[in-house]
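Here the structure is laid out as structure tokens; the discussion comes afterwards.
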There are 2 protein chains.
Amino acid sequence: MDREDQLIKRVSLRFPFAGDGLRVGIGDDAAILRPRVGSEWVVTTDAFLENVHFLRNIQHPRSVGYKALARATSDIAAMGARPRYFFMTLGLPEACAGTWFDGFLGGLARAARRFGLVLAGGDTTKYPLVTISLTVMGEVDRGQAILRSGARPGDLLCVSGRLGEAELGLRLIQEKLHKQKSWAKLLKKHFYPEPRLALGVWLAGHRAATSKIAASTYATSTYATSTIATSMIDTSDGLSTDLGHICEASGVGAIVWAREIPLARVPVGLTRRGFDPLDMALHGGEDYELLFTVSKKFSSRLPARVGGVPITVIGEMTRAKKVILLGTDGRTTPLQAKGWDPFRKKS
Amino acid sequence: MDREDQLIKRVSLRFPFAGDGLRVGIGDDAAILRPRVGSEWVVTTDAFLENVHFLRNIQHPRSVGYKALARATSDIAAMGARPRYFFMTLGLPEACAGTWFDGFLGGLARAARRFGLVLAGGDTTKYPLVTISLTVMGEVDRGQAILRSGARPGDLLCVSGRLGEAELGLRLIQEKLHKQKSWAKLLKKHFYPEPRLALGVWLAGHRAATSKIAASTYATSTYATSTIATSMIDTSDGLSTDLGHICEASGVGAIVWAREIPLARVPVGLTRRGFDPLDMALHGGEDYELLFTVSKKFSSRLPARVGGVPITVIGEMTRAKKVILLGTDGRTTPLQAKGWDPFRKKS
């Protein structure tokens with residue numbers, strides 16, 4: 001047996017074939033998937049690259065495998081879909097083909113079980129750097145996915161969990177403070193982020209009553225009833241950047257209330273070193289929380305928590321196409337997108 | 001606008017949104033696809049990596065874009081499916097973000113038009129090497145896909161086109177002979193391979209009559225009628241390796257008749273240099289021809305050509321689980337898999 005076959009065998013052992021809707025999985029030229037009647041597929045693709053998204057000497061291979069899949073699956077959560085299958089292409093250095101690969105597969109398998117994903121195909125190549133590309137497919141009932149483009153002026157802006165926690169972990173690593181035991185748990189969200197799948201599915205599944213206008217105008221449309229949530233995105237690039245995407249797609253603006261943002265809990269020892277919780281919440285990436293808008297009249301139907309994850313109202317959408325921050329001092333300033341962009345020059 | 005957004009804009013301009021079945025394309029967290037009633041999805045994923053699969057100083061960016069998509073789409077052809085959508089993650093060096101990227105997108109767009117594919121999503125990251133990962137989705141009528149696993153003893157082994165042509169181009173490059181004008185056209189199949197989509201769809205669509213046993217035993221199955229082709233694979237790794245995959249998946253063996261193999265036409269000037277057409281046909285990769293088996297009783301229904309591409313019978317499947325070559329000298333020898341494997345040490 002040749003080496004690539006051996007690697008595929010090791011992958012197959014970790015990811016047993018699961019039949020539901022998957023007629024052919026790993027081992028043929030392509031996978032064959034049978035869709036459920038009345039469903040749509042939600043498909044996303046995401047790269048996780050050594051030296052850009054992670055450092056091999058700092059991040060445990062289990063975390064590399066887990067986080068690679070969590071990141072991609074968060075896009076499925078952000079549409080309100082249920083994860084089903086994933087596909088992986090992997091570039092793997094010769095030195096990583098042994099125990100590193102076992103750790104990686106362990107983290108990947110743990111994430112797959114947790115998110116309800118079945119590995120349906122892949123491709124492995126020897127390469128100087130670990131390069132992971134994942135395609136994740138989810139299913140959603142026809143017409144129920146929540147897009148970026150539905151926010152309207154007056155809608156409330158909501159977010160799950162806390163913002164800036166992943167950035168806190170990243171900064172600890174960047175400032176070489178990550179080996180201090182007392183701060184070890186602050187690294188968790190950076191290494192093992194949690195896509196908010198239960199909340200996404202809850203929001204896609206809870207619909208407002210059909211309005212009269214909608215019912216008469218779009219009688220044959222599947223969109224005659226609207227979801228409570230009018231738009232949604234996951235915070236992968238940071239609040240300031242991701243809110244900008246919702247505003248651009250929806251043709252609206254927003255005002256964010258700084259004092260309402262659920263911030264990371266930063267130990268005094270770190271605030272003294274200049275760790276600013278608000279700055280991390282506004283511009284730090286990789287929290288993978290859900291940022292969404294709800295129409296005010298249905299906001300009372302929004303629970304305080306879904307699946308144990310708190311929901312906080314942090315602002316309001318506006319007609320003026322600007323993103324404004326209402327500071328804790330009561331002053332308003334433009335909120336500029338300063339989140340993650342791999343091609344931006346360091347300033 | 002930040003740099004990554006600019007790259008995405010350039011991609012979007014080349015690949016206009018096309019509505020048929022694609023409800024949401026580039027620009028949201030994920031794409032939304034609406035399946036056709038009665039169809040199954042065929043999904044494959046494939047990496048095309050600088051310095052492993054191509055050299056940037058030799059291969060034109062147009063060819064890089066074209067070939068990346070042709071390779072992946074060949075897996076869709078090998079199942080008998082019709083290509084529909086594709087997704088791309090791209091690692092791109094800063095130096096390639098200008099004219100190189102335009103050439104690359106041009107080749108990718110040409111391939112997409114030719115194969116009937118719509119770009120539905122992607123992700124671009126700055127990276128030291130050009131790393132391309134593609135996921136291609138096709139559709140096939142329920143139960144009509146042709147797998148690797150259906151070959152039976154006595155079936156005829158068939159192949160499309162000619163074998164060894166891509167290897168011929170690769171060897172010209174390896175021996176630095178590729179700049180000689182008289183041999184320029186010998187590089188075509190290496191730079192611009194052609195997935196055999198029309199043949200794949202023809203084979204999936206042409207079914208033998210229902211046999212009595214099948215009809216009574218599997219009355220409710222969608223597989224009550226069998227295709228003329230009992231198994232299929234594309235020759236991406238070379239005949240010796242890919243035939244081994246069919247044999248392993250089907251639990252059979254094969255005998256290949258050397259004198260029947262449609263070989264590359266090699267100029268005398270190159271055979272004198274040791275270019276061996278049979279060796280290239282047996283072990284050379286990347287031809288992306290279709291290798292398939294047909295039951296003897298239906299073989300008369302197989303046309304000589306489909307979509308202008310010739311079909312040749314080159315052997316027969318056997319009960320003994322070995323792959324044998326019947327040489328032009330009348331002697332039989334085991335045919336060992338010596339095709340492409342990125343993890344095999346050079347011998």
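For segment B:74-163, the equivalent ellipsoid derived from the Cα gyration tensor has semi-axes of 34, 15, 13 Å, listed largest first.
Put simply, when B:102-114, B:318-330 are sorted by average Cβ atoms within 10 angstrom per residue, most first, you get B:102-114, B:318-330. If you run the Gaussian network model on chain B, springs between alpha carbon atoms under 10 Å, then out of B:Gln59, B:Gln144, B:Gln174 the most flexible one is B:Gln174. Using a cut-off of 20 Å between Cα atoms, the listed pairs A:Lys176/A:Lys338; A:Lys322/B:Lys126; A:Lys67/A:Lys338; A:Lys9/A:Lys189; B:Lys67/B:Lys189 include A:Lys176/A:Lys338; A:Lys322/B:Lys126; A:Lys67/A:Lys338; A:Lys9/A:Lys189 as exceeding that distance.
Using θ = phi - 60° in the Karplus curve 6.51 cos²θ - 1.76 cosθ + 1.60, the 3J(HN,Hα) couplings for segment B:261-267 round to 5, x, 8, 5, 7, 9, x Hz; x is entered for Gly and Pro. Amide H to amide H, which residues 5 or more places from B:Ser149 or on other chains are under 5 Å from it, using H placed in the peptide plane? HN-HN under 5 Å from B:Ser149: B:Met232. Averaged over the residues of peptide B:126-138, the number of Cβ atoms from other protein chains lying within 10 Å of each residue's Cβ is 6. Taken as Cα centroids, segment A:10-79 and segment B:295-337 sit 37 Å apart, rounded to the nearest whole angstrom.
For segment A:156-334, the Cα gyration tensor yields ellipsoid semi-axes of 34, 18, 13 Å (square root of five times each eigenvalue, largest first, whole Å).
Put a plus charge on the Cβ of each Lys and Arg, a minus charge on the Cβ of each Asp and Glu, and nothing anywhere else: the dipole of the protein assembly as shown about its Cα centre is then about 100 debye.
Counts of other chain beta carbons within 10 angstrom of each beta carbon in peptide A:36-44 average 6. Mean-square fluctuations from a GNM of chain A, with a 10 angstrom spring cutoff on Cα atoms, peak among A:Leu186, A:Leu33, A:Leu282 at A:Leu33. Taking all Cα-Cα distances within segment A:3-141, those exceeding 19 Å account for 48%. In terms of its alpha-carbon gyration tensor, the protein assembly as shown comes out prolate; a/c meets the 1.5 threshold, and the first ratio a/b outweighs b/c.
Backbone phi angles across segment A:181-189, fed through the Karplus curve with coefficients 6.51, -1.76 and 1.60 (θ = phi - 60°), yield HN-Hα couplings of 4, 5, 9, 4, 5, 6, 8, 4, 5 Hz in residue order; Gly and Pro are listed as x. Anisotropy class assigned to chain A is oblate, per the alpha carbon gyration tensor with a/c at or over the 1.5 cut-off and a/b no larger than b/c.
About its Cα centre, what dipole magnitude does segment B:33-133 give when the only charges are +1 on Lys and Arg Cβ and -1 on Asp and Glu Cβ, stated in debye to the nearest 20?
Numbers: 12 positive and 7 negative charges, 87 e Å.
Roughly 420 debye, rounded to the nearest 20.
Short-range pairs are left out: with C-alpha atoms under 8 Å and at least six residues apart, the relative contact order of chain B is 21 percent. Structure remark: mean-square fluctuation, Gaussian network model of chain A, C-alpha springs under 10 Å; the largest value among A:Lys176, A:Lys67, A:Lys297 belongs to A:Lys176.
Candidates A:Ser299, A:Leu156, A:Gly251 compared by Cα position along the dipole of segment A:156-334: farthest toward the positive end lies A:Ser299, with charges placed on Cβ. Between copies, B:Gly330 shows label-point distances of 10.6 nm, shortest first, with the point placed 7 angstrom from Cα along Cα to C-beta.
Using C-alpha pairs below 8 Å separated by at least 6 residues, the relative contact order for segment A:10-92 is 18 percent. Each residue of segment A:119-124 is assigned a 3J(HN,Hα), and the resulting list reads 6, 10, x, x, 6, 10 Hz, derived from the Karplus form 6.51 cos²θ - 1.76 cosθ + 1.60 (θ = phi - 60°), x at Gly and Pro.
Placing pseudo-labels 7 Å out from each Cα toward the beta carbon at B:Lys181 and A:Arg142 gives an inter-label distance of 6.1 nm.
Applying Stokes-Einstein at 37 °C and 0.692 mPa s to the Kirkwood radius of segment A:253-347, computed over alpha-carbon pairs, gives a translational diffusion coefficient of 212 µm² s⁻¹. Residues whose amide H falls under 5 Å from that of B:Arg23, counting only those 5 or more places apart or on a different chain, are B:Ile32, B:Leu33, B:Arg34, with hydrogens built in the peptide plane. Overall, the anisotropy analysis places segment B:62-220 in the oblate class: the square-rooted eigenvalues a ≥ b ≥ c of its C-alpha gyration tensor yield a/c not less than 1.5, with a/b not exceeding b/c.
For segment A:232-347, a simple Cβ point-charge model (Lys and Arg +1, Asp and Glu -1, everything else neutral) yields a dipole of about 300 debye relative to the Cα centre. Packing-based ranking of A:146-157, A:70-81 yields A:70-81, A:146-157, ordered from highest to lowest mean Cβ neighbour count within 10 Å.
Close amide H pairs (under 5 Å, H built 1.01 Å from N) link A:Gly80 with A:Ile146, residues at least 5 positions away or on another chain.
Just so you know, all these numbers are worked out from the coordinates, no wet-lab data involved. Quick caveat, the model's predicted, so the values are computed rather than measured. Cβ sites come from the backbone with ideal geometry, for glycine too, and all protein chains shown count toward neighbours.
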